[in-house]
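The values are calculated or read from the model by the stated rules, or taken from the named source; none is laboratory data. Worth saying up front: this structure is predicted, and the values here are computed from it rather than measured. Methodologically, a virtual Cβ is constructed for each residue, glycine included, from the backbone with ideal geometry; neighbour enumeration extends over all protein chains shown. We work out accessible area using only protein heavy atoms, side chains counted, and drop any ligands, DNA or RNA first. Shrake-Rupley method; radii C 1.70, N 1.55, O 1.52, S 1.80 Å.
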Amino acid sequence: MKDSIPPTRNWLDTRLPFLRPFWQHMAHFPMPPVNLLWTIGACLIVAFGLMFVSGLFLSLHYQPDLSLAFDSVEAIERRVPSGWLIRSIHTGGVSMLFAALYLHVGRGLWYGSYKAPREIVWLSGLLLMLLFMTTAFAGYVLPWGQMSYWGATVITHAVEAIPGIGHGLLVYLLGEDTLGGIALHRFFILHFTLGFIIAAIIGLHILCLHGTGSSNPTLDSPHPDRSTRPFAPFYVVKDCLAVCVFLALFAVLIFFLPELLGKLDNIIPANPLKTPADITPEWYLAPWFAMLRAIPSRLGGLIAAASSLLVLFLLPWLDRSPRHNATYRPLVRLGMGLFFIAFITLILAGMHGATPLWVWLSRGSMLVWFLTFLVLLPLAAYRERQTRDASTQGETP
Amino acid sequence: MRSCFRQTGIAFLAALSLTSISITTRAESPAPEQAPATQTTAPTADPLPIMRPEERGLMIFQQVCSSCHSMERAHYGDMIALQPSATALQHWAQQRHAGLESPIASPYPSVAVGKANNGGDYPPDLSHIARTIRGGPDYIRQMLAGYRPVPPGVTLAPNTYYNPIALTHHHKFKMRPPLHEGMIAFPDGTKATIPQMANDVTAFLQWADDSHRHTRQFIGTAVLLYLALLGGVLLALWRLLKRTT
Ligand code: HEM
């Protein structure tokens, strides 16, 4: 009886023999002495999980039809048991997710997480960010309120600025001349499908991270700490603690400050004949809306907004210094600090009207954005590589 | 290390089991905001039913407001939370040629008729008025009790009423004064004064805009307490692990 199963082994482990090594890997995964900013990844997993599950429940009741969409959302709020709760998790979750996402990316920028050997982790993360932005935009159209309709109209018409093919492309994408029932149905399918695609890419992102391990923020400091701890139990508990705080903030937002979410205009059904007083995007897309508005030419605005994202993809190659942590790179520290201020300014600019003050602040912020990444970072990296002798730190070979 | 791992596991299980306690709440009675003292009539033999302001507000909406305004986003049946008798709701709906599952539609066959009947202004839908109108519930409460005699020197067009609180047309308001002293007999004995009714119907409009407010705050408190407890346990565990691993 060669096949007999040793009674000490777990039933599942015998049948899925990779489970044990997998859990071993997760439990023993060596973690450098990272700080609290490294817990945001775990918060993001939880935030996405909540979005995914609440989204599935919403899609059971939502109707992607021009005449039914708005009422089906009201029905979820008023009549579906716990519908209001599930919907508030989903609408509040977007803001929580983007807040965590931008902090996570900010952590990566400050601590040079984008550098070798984590380029693929960084690129997969940026892909996730683009997908989230698309998903959030598509999702915002679905309730078919005034802001859904007019926001989507403004943004889809940015496509028209592409020379030559712009208008044709727009009509092709919308399925008809204007934003209507066909487009709504497409937005729903896009929104629904992207959830699953994102889930897969999150898996890839974490898989890539487990190839190289988390980076060590102390390596560039005068007193590098090369000690590691296994992921379990210390970092499991630390991540859970951070998730707990994250969920508490989440709860305060959706249970006690619901008026911060959702614009008043969106509880009015979409009316293609009546433009709302001011069309403003949600805060998490506001920076790019501000960029579109800051450039007088529509095509120019589109190019600027797209390049601001593309330049992030190039970071691993723009900054090739062996040093990671901006805390110990004076020039980079300045640049990243200015960039964070510029980013917040762009959020505010996008949420305010296009007054000359905000337009000029947007232009200044865009300048900071591009100068930091295209000039300052390569320059700092060049100088640091010249004085390489002094820095054998970092982990780049 | 093993035992710490087990501890973590136990903390997790405890957390999970707590989550499965289901929370069932019925919206508790909110304190009426600046409600005029509830006066009761002479005591009768039967104990009077206790009514929440929004329940009295529903009565006012049914008997007064809904003769001009719609509340399209809500169905007649949604009012079951304020009027537990389905038969009474059914009766109300049938009077308006509708069923429990129909939206509370405008009584006017068209916008033009609605305007013609109201001095040129269409009575707006009330589904979310408490949130969308400038000034919110406070405005509604004051406006409803804000009708005044026409001051000397002001002339009003026909079907126009003087209301210094109202937002439109420089106090020359197109809604005829909806509330009159004693127009409704509330089963709980509350005297139907104009400020009382303005307060109650405002509470109803707030409820219609956001029916889950009280449940939401209750669940929110429970969730936060639970997270505080869980966070405390995790914090203790984390500090323990910091020393021992
Ligand atoms: C929902 C989206 C995302 C999820 C669920 C996610 C998840 C994670 C997790 C669990 C970690 C390990 C823990 C940590 O370092 O915080 C991590 C690390 C990382 N993520 Fe993400 N991430 C997401 C989006 C992004 C984005 C948008 C970027 C960048 C553009 C990014 C870049 C990185 C990098 C570079 C690391 C390695 C950090 C280091 O060790 O220095 N991630 N991510």
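Contact map, segment A:301-327: first residue of a type in the set (A, V, I, L, M, F, W, C), second residue not in a helix (DSSP H, G or I), Cβ cut-off under 6 Å, separation 6 or more or different chains; pairs are A:Ala304/A:Ile295; A:Leu315/A:Tyr114. Within segment B:115-130, does at least one residue satisfy the condition of being assigned to a helix (DSSP H, G or I), within 12 Å of chain A (Cβ to nearest Cβ) and buried (at least 16 other Cβ atoms within 10 Å of the Cβ)? Checked against the condition, which is being assigned to a helix (DSSP H, G or I), within 12 Å of chain A (Cβ to nearest Cβ) and buried (at least 16 other Cβ atoms within 10 Å of the Cβ), segment B:115-130 yields at least one hit.
Look at (1) aliphatic (A, V, I, L, M); (2) more than 16 Å from the ligand (Cβ to nearest atom); (3) out of contact with any Phe, Trp or Tyr (no Cβ under 8 Å at 6 or more places or on another chain); (4) open to solvent by 20 Å² or more (accessible area, probe 1.4 Å) and you find that A:Ala270 fails only one, number (3). Residues that are surrounded by fewer than 16 Cβ atoms within 10 Å (Cβ to Cβ) and β-branched (Val, Ile, Thr) do occur in segment A:50-68, at least one of them. Checking the structure you have, find out if any residue of segment B:171-190 is touching a Gly at 6+ places or on another chain (Cβ under 8 Å), within 14 Å of chain A (Cβ to nearest Cβ) and in contact (Cβ under 8 Å) with a residue 12 or more places away in the chain. The answer is no, given that none of the residues of segment B:171-190 is touching a Gly at 6+ places or on another chain (Cβ under 8 Å), within 14 Å of chain A (Cβ to nearest Cβ) and in contact (Cβ under 8 Å) with a residue 12 or more places away in the chain.
Any chance you could count how many residues in segment A:216-243 are facing chain B (nearest Cβ under 10 Å), within 16 Å of the ligand (Cβ to nearest atom) and either free of Cβ contacts under 8 Å to residues at least 24 places away in the same chain or part of a helix (DSSP H, G or I) (or both)? Residues that pass the stated criteria total 11. Can you spot a residue in segment B:219-239 that is in a loop (DSSP other than H, G, I, E, B), surrounded by fewer than 20 Cβ atoms within 10 Å (Cβ to Cβ) and more than 9 Å from every other protein chain (Cβ to nearest Cβ)? No, there is no match, as no residue in segment B:219-239 is in a loop (DSSP other than H, G, I, E, B), surrounded by fewer than 20 Cβ atoms within 10 Å (Cβ to Cβ) and more than 9 Å from every other protein chain (Cβ to nearest Cβ).
How many residues does segment A:254-275 contain that are assigned to a loop (DSSP other than H, G, I, E, B) and away from chain B (no Cβ under 12 Å)? Number satisfying all stated conditions: 7.
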